[in-house]
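Working notes for the structure below.
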Amino acid sequence: MSSYLFQRKIILDHSITPFFIPTKNHHESIVLAFVGDMLLTLEATIQLPSKEELARLGKPLHTYDIAKSERHTFSLHLWEENTLVPESLQKTNLRSVLSNVPEELFEPLNRAKQLVHWLQDNQFCGRCASPLAYSPMMSSLKCTQCGYMTFPKLCPASIVLITRGDEILLARSPHFAQGVYSLIAGFVEAGESAEACAIREAKEEVGITIKNLRYFATQSWSFPHSLMIGFFAEYESGELCLQEDEIEDAKWFTKETMPQPPYSTSIAYRMIQAWKEGRSH
Ligand SMILES: [Zn+2]
């Protein structure tokens, strides 16, 4: 119980209230500026550009207030991908700088990035191909002809930390950085529960049956629109049998033999840390 509360505290410390409203007052908000799906920063830093610097790019394609924290309102300003950017600014891949992002910007930037993908992918109605326009209901866009509504896409994915006595199962995908191992994870299928997904992924990816699933925490992960749902589980039966293409290696490790962990900003990292500190039960 105490570990669960501890995790909630970590995650909720900098929680935002999300909304989606056309920007009215440019002077009161922190602007998260994107050109295409790239974040604009001052050259070689994670510092956000000033409004004066952004004015040099011309009028943005979209300007929305998207969230507020206890202290700030955050606006998303989005320019088209081919917009010319002044030399003083840099187009930055958010994922590559995530570990340097100040904690209070982590959630707003995650939300901004997901809304950027959503706005780019939903310019026209999927039913009648007419243009979509802003709608004041929650975060939504509405078809100007048939009224069809679309909401930001969220793809839930289960991630599971599997233990066997004092060992932990870690695996690596071919696309991981060299030497990095992480937890078993996969997308929830339509009609499937997150728990059933964790059990299925363990069976499919490494051939084992797991038991005693316990909820850990969730994390928004905007690359491009995942919601990670973390569980701890115990090994029940089966020999390791790796799914071709998905998993290139998987092993049981102890705290003494741990390989390189995943990104420090990921829920996988936090789950592995919790297990190392004995907070998994
Ligand atoms: Zn339509």
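Any read-out appearing in this document is the output of simple, stated calculations on the displayed coordinates, not a laboratory observation. Every value quoted in this text rests on a predicted model; they were computed, and no experiment measured them. Because the Cβ atoms are built from the backbone with ideal geometry, glycine has one as well, and the counts that use them run over all protein chains shown.
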Summed residue charge, Cβ within 15 Å of Lys91's Cβ, Lys/Arg positive, Asp/Glu negative: -3
On Cα atoms only, tilt of 194-206 relative to the major axis of the chain in degrees: 60 degrees
Size of electric dipole in the chain: Cβ of Lys, Arg +1 and of Asp, Glu -1, about Cα centre, debye, nearest 20: 840 debye
Cβ-based exposure ranking for Met228, Met149, in which fewest neighbours within 10 Å come first: Met149, Met228
Kirkwood Rh (inverse of mean 1/r, distinct Cα pairs), the chain, angstrom: 20.7 Å
Residues Leu105, Leu240, Leu76, Leu141 arranged by fewest to most Cβ contacts within 10 Å: Leu240, Leu105, Leu141, Leu76
Theoretical ellipticity at 222 nm over the chain - DSSP helices of four or more residues, -39500 (n - 2.57) apiece, nearest 500: -6500 deg cm²/dmol
Under the Karplus curve 6.51 cos²θ - 1.76 cosθ + 1.60, θ = phi - 60°, whole-Hz ³J(HN,Hα) for segment 210-219, x wherever Gly or Pro sits: 10, 9, 6, 5, 10, 5, 10, 5, 10, 8
Neighbourhood net charge (13 Å Cβ-Cβ; Lys/Arg +1, Asp/Glu -1) for Phe187: -4
Burial ordering of Ile66, Ile184, fewest other beta-carbon atoms within 10 Å first: Ile66, Ile184
The chain: angle of helix 267-276 to the longest principal axis, Cα-based, in degrees nearest 10: 30 degrees
Computed log₁₀ I(q)/I(0) - Debye formula, equal Cα scatterers, no solvent, segment 13-121, q 0.11, 0.18 Å⁻¹: -0.29, -0.84
Net +/- balance of residues flanking Asn212 in space, Cβ distance below 13 Å, scoring K and R +1, D and E -1: 0
